[in-house]
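Colleague: Quick one: the structure is below, questions incoming.
Rule-based calculations on the coordinates, nothing more; no lab input. Since the structure is predicted, the reported quantities are computational estimates derived from the model, not experimental observations. Don't worry about glycine lacking a Cβ; one is built from the backbone with ideal geometry, like all the others, and counts go over all protein chains shown.
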Ligand code: PMP
């Protein structure tokens, strides 16, 4: 039997944006029910012989809608506007190949060995130079190298969240972060965004309401720049206010910023961490500015937190891969990495332009969408009466794929939304994909 998601009373949070994960307290009947579902059921009997053995937290581990989509959307005849894969075409692969061979020949004994859990010291220094571009001044000791920022998210949640603790996140929010929170049985309360990002007033109300209910709120998880999936950026004048609200409520800020250097205009946005050092954990990544397959990211944290993150790394992976860190470190030392980022920005900007123009030209009346100034994503709202998850199989028949909005909420919202990404397909394919999407939407309206 399926158990409906437990709804969190969210009177203070804008109703349209508030939701709650189906995180049930450990040992509760809900938790047992949810564990049943993980195994999958057939005629009331589970197919999974290990069902009774799983820890309660395994109930929070479910395949994301994005993952289920990848198999279908990767067929060549389908234009996938679904995935968030960076476009690596501009990377100088030949030179990199020579360089990696030289690295093995000259430093193989150390780079193929275990390394420190904290990360390669030279790379941590270089990471400080990267963050300086966003106004952050930090000491390399406070940087912890991680296996992508995804692992940093996992470790931060492991270090801070007990089952039932509350985590605040934008409405909508990054699907990978939501699945991490759910795996640790934290409960997500969403806070409304508009075209200028997270709304300070909604944040204040959510925190007041939760305080009134005696809930423990551990942190605000926020993606200030070129939001995934929202496509919006937090207005500069809102930044100090949001930091202030969190500090007053004793709530830590987790600033996730993988797209910060991929803006399309000359406007620069100060990182939250550049404005407040003691109450912010900043997460960065080389996935979007260099190569996602190397899985190198980092956390910049206050001293005490940094110690916990290093210990969490030791128990999770012993250390981040020394070889991959050395490749990134060489790349930063020997290449014009800032010039490379400019090339990435130009390529993504061209694709963004193609998508926005095609949406303008082809989509039926009643649709609206965000206009990203950087990053990979457009957040599209379709006319009332349509359901983006229900129509996805029919869109795929029309050879176009996207991610339904429901993937980006803990529970119950986003059925009129979808995420479109323009990072990977060529401008020509993007135009074709949007044409197909438009006819899928029109067909849907006639159903
Ligand atoms: N945070 C956000 C907002 C992301 O979009 C992504 C990747 N799509 C990640 C974190 C994880 O990135 P990685 O682990 O590759 O650094």
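Colleague: For an R0 of 25 angstrom, estimate the FRET efficiency from the Cβ-Cβ distance between residue 343 and residue 371 and round to the nearest 0.05.
Modeller: 0.65
Colleague: Does the stretch 175-235 come out rounded, prolate or oblate, given a ≥ b ≥ c as the square roots of the eigenvalues of its C-alpha gyration tensor, rounded meaning a/c under 1.5 and, failing that, prolate meaning a/b above b/c?
Modeller: oblate
Colleague: If you take every DSSP beta bridge fully contained in the chain, what fraction is antiparallel? Give it as a percent rounded to 5. Each step should come with its number before you reach the end.
Modeller: Values: 22 of 42 bridges.
The antiparallel fraction comes to roughly 50 percent.
Colleague: Using the 10 angstrom Cβ neighbour count as an exposure proxy, how do 341, 127, 242 rank, fewest first? Present the calculation step by step, with values, prior to reporting the outcome.
Modeller: Numbers: 341 18, 127 27, 242 24.
Ranked by crowding around the Cβ, least crowded first: 341, 242, 127.
Colleague: Using C-alpha positions alone, give me the convex hull volume of the stretch 358-447 per residue in cubic angstrom.
Modeller: Hull volume normalised by residue count: 98 Å³.
Colleague: Now for a separate question. How far apart, in nanometres, would the label points at residue 236 and residue 213 be if each is projected 7 angstrom from Cα along the Cα-to-Cβ direction?
Modeller: Placing both labels 7 Å along Cα→Cβ, they lie 3.7 nm apart.
Colleague: How far is it, in nm, from the label point at residue 55 to the one at residue 106 when both lie 7 Å from their Cα along the line to the Cβ?
Modeller: Label-label distance for residue 55 and residue 106, simple model: 4.4 nm.
Colleague: Rounded, prolate or oblate: which fits the stretch 224-364 when a ≥ b ≥ c are the square roots of the eigenvalues of the alpha-carbon gyration tensor, with rounded for a/c under 1.5 and prolate only if a/b beats b/c? The partial results should precede the final answer.
Modeller: On the way: a/c = 2.13, a/b = 1.20, b/c = 1.77.
Taking the square roots of the gyration eigenvalues as a ≥ b ≥ c, the stretch 224-364 is oblate.
Colleague: Looking at the square roots a ≥ b ≥ c of the eigenvalues of the Cα gyration tensor of the stretch 379-425, which shape do they give, rounded for a/c under 1.5, prolate if a/b is larger than b/c, or oblate?
Modeller: oblate
Colleague: Here is a follow-up. Assuming 0.36 nm per residue, please report the length gained on full extension of the stretch residue 62 to residue 47 beyond their Cα-Cα distance.
Modeller: On the way: separation 15, 0.36 × 15 = 5.40 nm, distance 1.60 nm.
Additional length available on full extension: 3.8 nm.
Colleague: Would you mind giving the three semi-axes, in whole Å and largest first, of the ellipsoid equivalent to the stretch 209-260 according to its Cα gyration tensor?
Modeller: 23, 12, 9
Colleague: Follow-up question, since we're still on this one. Which order, highest average first, do 293-303, 402-412 follow once you tally other Cβ atoms within 10 Å for each residue and take the mean per peptide?
Modeller: 402-412, 293-303
Colleague: Need one number for the chain: average projected area of the convex hull over its C-alpha atoms, nm².
Modeller: Here the figure is 22.2 nm², rounded to one decimal.
Colleague: Follow-up question, since we're still on this one. Run the helix sum for the chain: -39,500 (n - 2.57) per DSSP H stretch of 4+ residues, divided by residue count, reported at 222 nm to the nearest 500 deg cm²/dmol.
Modeller: -13500 deg cm²/dmol
Colleague: If I model a spin label at residue 439 and residue 244 as a point 7 Å from the Cα along the Cα→Cβ vector, what separation in nanometres do I get?
Modeller: According to this spin-label approximation, the distance is 5.4 nm.
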